[in-house]
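Undergrad: This structure is in structure tokens; I'll ask about it shortly.
Bear in mind that the values in this text are calculations on the coordinates, not laboratory data. Only a predicted model underlies this, so the values are computations on that prediction, with no experimental measurement involved. Quick reminder, even Gly has a Cβ in these numbers, built from the backbone with ideal geometry, and neighbours come from all protein chains shown.
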Amino acid sequence: MAPPARLPPAHALAYTGRMNIARSAGRVSANWLIVIAALAAAAGLWFGARLFTTTTPAPLLPPLQAGMAFPAPREVPAFELDRADGGKLSQADWRGRWTIVFFGYTHCPDICPTTLASFGQAWKKLDAAARERLRFDFISVDPARDNPEQLARYVGHFDKDFVGATGSDEQLTALTRALGIMYAREQGEAGSYTVDHSASVLIIDPAGREVGLLRPPFDASQIAADLQTLARSQ
């Protein structure tokens, strides 16, 4: 007859039970650590994506009827031109308020007078507060014929607030190229000439950066609304 099976002592059973419980607890703790680590990694990826995702830049211009904003602002280099009133026009004058800039010449047969007439009518529709936040500069690309007296008379005809200025061809070429526009003279008969130039009007923001343009055809009411919008922004 086989001897009866020997049972382990009670303290051994208790020890074994404690070991099994400890092992289970160890496995549960490890599982939770894996879950927590995975959640932390996911959270890190999410925050990292939020941190490095390129945000949409703020628009350079408020919504305008006749205006178009550039994708990025264009810095204006230092310059100095001669104003019709005997003063100087410089980069500093294009800071602190919205500046509307048009390049043309007083002997222009069509584009310049019609553009200035439209902006002159629009200017008169603005209230005093809006005019304080805006300026209009007409820059002649025909310095040989547009002396200070001629410029002052021509610009003043459209509005007394408008500023006329010009400079040497070297100064004008440097400025127009920096602003992304061009002009060129075309010789005519008997020594006469015309000047080809852009018909668009440039918009300079209060920080002194070129940020967009106004495009023809120009309607005085639309221009007035756009200028009022600019004056109320920033």
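Undergrad: Looking at the square roots a ≥ b ≥ c of the eigenvalues of the Cα gyration tensor of the stretch 95-234, which shape do they give, rounded for a/c under 1.5, prolate if a/b is larger than b/c, or oblate?
TA: Prolate is the answer for the stretch 95-234, as a/c is 1.5 or above and a/b outweighs b/c.
Undergrad: What is the local net charge at Ala207, summed over the other residues whose Cβ is closer than 15 Å to its Cβ (Lys, Arg +1; Asp, Glu -1)?
TA: Net charge around Ala207: +2.
Undergrad: To continue, here is another question. So for the stretch 67-232: antiparallel DSSP bridges make up what percent, rounded to the nearest 5?
TA: Around 70 percent antiparallel, to the nearest 5.
Undergrad: Count the net charge of all other residues whose Cβ sits under 13 Å from the Cβ of Val76, scoring Lys and Arg as +1 and Asp and Glu as -1.
TA: -2
Undergrad: Tell me the net charge near Asp137. Cut-off is 11 Å between Cβ atoms, Asp137 excluded, with +1 for each Lys or Arg and -1 for each Asp or Glu.
TA: Charge balance in the 11 Å sphere: 0.
Undergrad: Restrict the search to the stretch 82-126; then list the trypsin sites (Lys or Arg not before Pro) that DSSP places in a loop and that have at most 16 other Cβ atoms within 10 Å of their Cβ.
TA: Arg95, Lys125
Undergrad: Quick one: what are the phi-derived ³J(HN,Hα) couplings along the stretch 139-149, Karplus 6.51/-1.76/1.60 with θ = phi - 60°, whole Hz, x for glycine and proline?
TA: 10, 7, 9, 10, x, 5, 9, 9, 6, x, 5
Undergrad: Can you work out the Karplus-derived ³J(HN,Hα) for every residue in the stretch 105-112? Use 6.51 cos²θ - 1.76 cosθ + 1.60 with θ = phi - 60°, whole Hz, and x for glycine or proline.
TA: Calculated HN-Hα couplings, in order: 7, 6, 8, 4, x, 9, 4, 5 Hz.
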